[in-house]
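We did not get these values from a lab; they are worked out from the coordinates using the rules stated. This is a predicted model, so every value here is computed, not measured. Using ideal geometry, Cβ is built from the backbone for each residue, glycine included, and neighbour counts are taken over all protein chains shown.
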Amino acid sequence: MNIYIGNLDYDVTEADLSKTFGEFGTVSRSNVITDKFTGRSKGFGFVEMPNDSEANEAISNLNESEMNGRKIRVNEAKPREERPVSRSRY
């Protein structure tokens, strides 16, 4: 299951996410989304957990909990929406 984590402190790393979610089961991947120009965190990320029951336990235990002094939002990630292609007029 792919899990969305929002309202992350900008200093949270992928290793931090893996450690936190790893307390509930196996984490196959963690990803903090960063700005492609500055490299700075955008304040959200994703964790992939192959076992749905472990993932659901992590979601129910970590949603609205504190991580690095911020209350995080945790839920099952929704499929990414397709964005329209932007075409320049030049």
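Please verify whether Thr26 is in contact (Cβ under 8 Å) with a residue 24 or more places away in the chain, under 12 Å from Met1 (Cβ atoms) and of a type in the set (Ser, Thr, Tyr), treating the condition exactly as stated. Walk me through it before giving the result.
Values: in contact (Cβ under 8 Å) with a residue 24 or more places away in the chain: yes; under 12 Å from Met1 (Cβ atoms): yes; of a type in the set (Ser, Thr, Tyr): yes.
Taking the combined requirement at face value, the residue satisfies it.
Are any of the residues in the range 62-72 under 18 Å from Asn7 (Cα atoms), part of a helix (DSSP H, G or I) and touching a Phe, Trp or Tyr at 6+ places or on another chain (Cβ under 6 Å)?
Checked the range 62-72: no residue is under 18 Å from Asn7 (Cα atoms), part of a helix (DSSP H, G or I) and touching a Phe, Trp or Tyr at 6+ places or on another chain (Cβ under 6 Å).
When you scan the range 46-59, do you find a residue that is surrounded by 13 or more Cβ atoms within 10 Å (Cβ to Cβ), touching a residue at least 60 places away in the same chain (Cβ under 8 Å), of a type in the set (A, V, I, L, M, F, W, C) and in a strand (DSSP E or B), even just one?
No.
Residue check, Arg80 against (1) free of Cβ contacts under 8 Å to residues at least 24 places away in the same chain; (2) in a loop (DSSP other than H, G, I, E, B); (3) surrounded by 15 or more Cβ atoms within 10 Å (Cβ to Cβ), all met but one. Which one?
(3)
Considering only the range 12-32, how many residues are among the β-branched types (Val, Ile, Thr) and surrounded by 14 or more Cβ atoms within 10 Å (Cβ to Cβ)?
Looking only at that region, the number is 4.
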